[in-house]
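One structure is given here, and the rest of the page talks about it.
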Amino acid sequence: MDRHQQEIIDQFTKQAIPFSQAQPVKDEAALRMTVEFVGAGPTDLVLDVACGPGLLALAFARAAKHVIGIAVTPAMIARATQLRTESSLSNATFLVASADSPPCPERAFDIVCSRFAMHHFQRPTGMLEEKARMTKPGGKVVVIDAIASEDSEKAAYLNRIESLRDTSHVRVMPLFEHEALFKKAGLRNLRKTFYRFKAEVEAWLACSFPREGDADRIRAMMAEAIDEDRAGLGVRRDERGRLLFAYPVAILVGERPGPLGRAESASTSQLSP
């Protein structure tokens, strides 16, 4: 296990419960919109890569035949399993597995997705290509993530804040970079839609575990970001003096080329550790 992967496990072990309880993360309207935009149906087998607490996987499970969620952090998989039990859904399976080398066959899934995960990957090109590898011909590869401003200074400011907030953060990318990754991975017919992940700074920090002193740096940077929208987050103060902001979030759906036909079928047993 490399140092970055260990940093992810350390961070998300601590974040497993507070992250899953954060209102913008568990926003049912956003989850429902995502499933509807992707177009999941009752015959679909779905893989959620870096599934975290399983919120997106469980949203897909309400529409799809079966969903498998994988994450490298055991605490996140434990939380996802708990939420599955609470939801009384039987068509979702959660496994501890690395997104870098998932134990999944080629061309096995109708939909392969990830949510709020791409900005943690050191090799986003390779990760998208790996998602495409596991997708059936004619199937869909889905990325849901925050997007940075195309202004490089605003993007750098945002990524500095995120690196302070979460030490496993790598980089939030602007939309055009996501689009280029889909093209490089050989995915076609790209569709996009957007929404805003609205939050309050203190509530968001309560879900995070920055190093000592970094929370104060984040507060100061967010306050300074009001001037000229330095982070591209529309930071403002409300009537109570609270700092509010909104991440622009993109939902991108691309298709793996090739006619739909007989393809290898994945089963839970094939994906068991």
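The values are calculated or read from the model by the stated rules, or taken from the named source; none is laboratory data. Values in this document were obtained by computation on a predicted structure and should not be read as measured data. A quick note on method: Cβ atoms are made from the backbone with ideal geometry, for glycine too, and the neighbour counts reach across all protein chains shown. Side chains are part of the model used for accessible areas, which takes the heavy atoms of the whole protein and leaves out ligands, DNA and RNA. Shrake-Rupley method; radii C 1.70, N 1.55, O 1.52, S 1.80 Å.
So if each residue of separation counts as 0.36 nm, and I subtract the Cα-Cα distance between Gln23 and Asp227, what length gain in nm does that give?
Once the chain is fully extended between Gln23 and Asp227, it gains 70.8 nm.
Relative to the longest principal Cα axis of the chain, at what angle does helix 124-133 sit, 0 to 90 degrees, rounded to 10?
Its long axis makes an angle of about 20 degrees.
Give, in nm to one decimal, the length gained when the segment between His4 and Arg236 is fully stretched (0.36 nm per residue of separation minus the Cα-Cα distance). Walk me through the numbers before you get to the answer.
Values: separation 232, 0.36 × 232 = 83.52 nm, distance 3.30 nm.
Length gained between His4 and Arg236: 80.2 nm.
Per DSSP helix of 4 or more residues, -39500 (n - 2.57); summed, then divided by the residues of the chain. What does that give at 222 nm, rounded to the nearest 500? Working shown, then result.
Details: 9 runs with 101 residues, N = 273.
Mean residue ellipticity at 222 nm (helix-derived): -11500 deg cm²/dmol.
Picking from Ala156, Ala220, Ala29, whose Cα lies most toward the positive end of the charge dipole for the chain (charges on Cβ: Lys, Arg +1; Asp, Glu -1)?
Farthest towards the positive end: Ala29.
So, by mean Cβ neighbours within 10 angstrom, what's the order for 96-103, 227-234 with the highest one leading?
Working: 96-103: 16.0, 227-234: 17.9.
Result, highest mean first: 227-234, 96-103.
Where Lys and Arg each count +1 and Asp and Glu each count -1, what net charge lies around Arg32 among other residues with Cβ under 14 Å from its Cβ?
Details: positive: Lys26, Arg62, Arg115; negative: Asp27, Glu28, Glu36.
In short, 0.
For the chain, give the percent of accessible area contributed by carbon and sulfur heavy atoms, probe 1.4 Å, rounded to a whole number. Walk me through the intermediate numbers first.
Working: 6110 of 12400 Å².
Its accessible area is 49 percent carbon and sulfur atoms.
So what is the relative contact order of region 160-233, in percent, for Cα pairs below 8 Å that sit 6 or more residues apart?
Details: 31 pairs, mean separation 34.0, N = 74.
So the answer I get is 46 percent.
At 1.4 Å probe size, with every protein chain present, just tell me what the per residue accessible area of region 13-120 comes to in Å².
Values: 3990 Å² over 108 residues.
Value for region 13-120: 37 Å² per residue.
Set the bar at 30 Å for Cα to Cα. Now go through Lys26/Lys154; Lys14/Lys184; Lys14/Lys183 and name every pair that lies beyond it.
Working: Lys26/Lys154 27 Å; Lys14/Lys184 35 Å; Lys14/Lys183 35 Å.
Table pairs above 30 Å Cα-Cα are Lys14/Lys184; Lys14/Lys183.
For the pair Lys65/Ser88, report the inter-label distance in nm, with labels modelled 7 Å from Cα in the Cβ direction.
It works out to 2.5 nm between the two label points.
GluC sites (Glu not before Pro) within region 151-212: which are DSSP loop residues with at most 14 other Cβ atoms inside 10 Å? Intermediate results must be reported in sequence, preceding the final value.
Working: sites: Glu153, Glu162, Glu177, Glu179, Glu200, Glu202, Glu212; in loops: Glu212.
For GluC sites (Glu not before Pro) across region 151-212 that sit outside H, G, I, E and B with at most 14 neighbouring Cβ atoms in 10 Å, the list reads Glu212.
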